[in-house]
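Notes for the one structure printed next.
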Amino acid sequence: MSVGKANPSILKDVGRFSRLFLVKDIGISGIRKLREAKAVVVGCGATGTHVAELLVRMGFGEVSLIDKDYVDISNLYRTSLFTEDDVRAAMPKAVACANALRRIDSSVKVKPHVTKLTPTNAEELLGGHDIVIDGTDNYVTRLIINDFSVKHGIPWVLTGVGTWYGNVWLIDPARNTPCMRCVYGNVSDEDLGNACDVLGVVPTAVSLVASLAATLALKHVLGQSDRELTSTYFVVDAKRLSIDALRVVRKPDCPACGKRRFEYLEGPHVEELAKPVCGTKAVEINPPGRVRVDFKRVLLRAGEGSVVGMSDYTVRVKVGDDVYVTVFSDGRAIVDGVTDPKRATRIYEEVTGIKLR
C-alpha cells in the first residue's frame, strides 16, 4: 500500500513513527494495528510505568491504567514518568502516569482507574482490551488476571522483578498454551502471606523486564506471536546480563485452563478491613461496601496546618509526630507510621469521621 493513499491521520502517524514505519515487518500496516490496539496495564509502579510509556511511544491507540496507590518518594528511583511534584500532591499513580502519557502523545486515549483490581471489578476493568499487562507486585492479583484471561481468551503478559532478576511470559489461552497456574500450581494462603519478604529492586532490571514485556505485547498486536513464543518463560538476569528462555508445558489437570475452575475470579473473597502494607510501616484501610469521602470534612477535622498534600483524588494529613494518613475519594486509606491494624483503624475513623465497625 502506498503512503499517498493513506488517510490524513495515517499520514500524521507516519511522521510520528517514521523510524518504526521503516522496519520491514512493521510498516504502515503495523502502525494501523498499533493505533487500533487497546491495552490495559495493571499496576503503575516500577514495571507498569515503564511498560505504559513504551506502549504509548510505540503507538498503541488506547491504554488503560489500574492502580490503587499514590506516588511516594521511594517510587522515583525505579519508576518512569513520576516527579517530585506528584509526591508532594500525593497524586494517585494511575492519574500521574496518565498525565505524563498524554504529554507524550495526546492522541492516545489514556484511561486511569484509581482502584484495586478485584474479582468484583475485573470484568469491567479488563474487558474490551486486546492484551493485559501485569505490573503488579502480588500473586493474588496475577491469579485474578490469569483466571480472567483464560475465561475470556484474552492474552496477558506476566512480569516480576526482584533485586537483579526478573521474569516475563506472554500467556495466550487462545493458543491452548500453558497458563500461570500450570507453572505456579495451587498457591496456598500461607504462600501468599509471605509476599511481604521485600528484597528490593535494581531499576535497570526493571527496565529490561519492561522492555521485554512491551516487546511481547508488540509482537502479539502485530500478529507475530506463535505457540512456541507463548510457551516460553523468559528469565532476566541483569547482573549476569543474560536472558534465558525456558520451555513451559500445559497441564491437563490445571484448575484454570484444564478444568476451567476460576477460583480467584469467581470464588468467595473477603477483603481485610485493615492490613499491613508489605515492606513498609503502614496499614491499608479498605472500608466495606461503597464509601465516598468528603474531603472538606477531612480538612475540617484535621485542621489546615495538618494537610500536607491534596489532589482531586486524595488528601494527605499529618496526625501526631510520625503518622500520615492518605485518604482516597473512594474511602480507602493508607496510614503511614503505624503497623497495628487496630490503631490504624482508630486513626482512620478520627480523620474521616467514618465508623468502620
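The values are calculated or read from the model by the stated rules, or taken from the named source; none is laboratory data. Since we're looking at a predicted model, the values are computed, not measured. Here the Cβ positions follow ideal geometry from the backbone for every residue, glycine too, while neighbour counts run over all protein chains shown.
For the subset of region 16-51 comprising residues that are without any contact (Cβ under 8 Å) to a residue 60 or more places away in the chain and within 27 Å of the chain's Cα centre (by Cα), which member is surrounded by the fewest Cβ atoms within 10 Å (Cβ to Cβ)? Of everything passing the filter in region 16-51, Glu36 is surrounded by the fewest Cβ atoms within 10 Å (Cβ to Cβ).
Working only within region 313-328, note down all residues that are at negative phi and free of Cβ contacts under 8 Å to residues at least 40 places away in the same chain. Within region 313-328, Val317, Lys318, Val319, Asp321, Asp322, Val323, Tyr324, Val325, Val327 qualify. Scanning region 317-328 for residues that are modelled with pLDDT of 85 or more and not aromatic (Phe, Trp, Tyr) yields Val317, Lys318, Val319, Asp322, Val323, Val325, Thr326, Val327.
Can you name the residue in region 108-117 that is touching a Ser or Thr at 6+ places or on another chain (Cβ under 9 Å) and at pLDDT below 95 and, of all such residues, is farthest from Phe82 (Cα to Cα)? The selected residue is Leu117. Return yes when Thr314 is surrounded by 13 or more Cβ atoms within 10 Å (Cβ to Cβ), at pLDDT below 85 and closer than 26 Å to Thr339 by Cβ and no when it is not. So Thr314 fails the test. Val293 falls short on exactly one of the conditions (1) at pLDDT 85 or above; (2) outside any strand (DSSP E or B); (3) surrounded by 19 or more Cβ atoms within 10 Å (Cβ to Cβ), and that condition is (1). Quick check on Phe82: is it closer than 26 Å to Lys219 by Cα, modelled with pLDDT of 95 or more and not in a strand (DSSP E or B)? No: the conditions fail for Phe82. When both residues are 6+ apart or on different chains and their Cβ atoms are under 7 Å apart, which pairs have a first residue that lies in region 109-121 and is without any contact (Cβ under 8 Å) to a residue 12 or more places away in the chain, and a second that is surrounded by 14 or more Cβ atoms within 10 Å (Cβ to Cβ)? If the second residue must be surrounded by 14 or more Cβ atoms within 10 Å (Cβ to Cβ), the pairs left are Asn121/Thr115.
Pro287 fulfils the conditions (1) in contact with a Ser or Thr (Cβ under 6 Å, 6 or more places away or on another chain); (2) in a loop (DSSP other than H, G, I, E, B); (3) not hydrophobic (A, V, I, L, M, F, W, C) except for a single criterion, (1). Look at region 213-235: where a residue is within 13 Å of Arg175 (Cβ to Cβ) and a partner is crowded, with 21+ Cβ neighbours inside 10 Å and acidic (Asp, Glu), sitting 6+ places away or on another chain with Cβ atoms under 8 Å, you get His220/Asp172; Ser225/Asp172; Thr230/Asp172. Yes or no: Val317 of a type in the set (A, V, I, L, M), assigned to a loop (DSSP other than H, G, I, E, B) and touching a Lys or Arg at 6+ places or on another chain (Cβ under 9 Å)? So Val317 fails the test. Of the residues making up region 238-246, none is on the phi < 0 side of the Ramachandran plot, part of a helix (DSSP H, G or I) and in the same structural domain as Cys182 (by TED's automatic domain parsing). The strands (runs of 3 or more DSSP E) falling completely within region 96-168 that include 3 or more residues that are β-branched (Val, Ile, Thr) and touching a helix residue (DSSP H, G or I) at 6+ places or on another chain (Cβ under 7 Å) map to 131-134, 156-162. Filtering region 320-352 to residues that are part of a loop (DSSP other than H, G, I, E, B) and of a type in the set (D, E, K, R) leaves Asp321, Asp322, Asp330, Arg332, Asp340. For region 153-196, filtered to residues that are in contact with a Gly (Cβ under 7 Å, 6 or more places away or on another chain) and not small (Gly, Ala, Ser), the residue that is modelled with the lowest pLDDT is Cys196.
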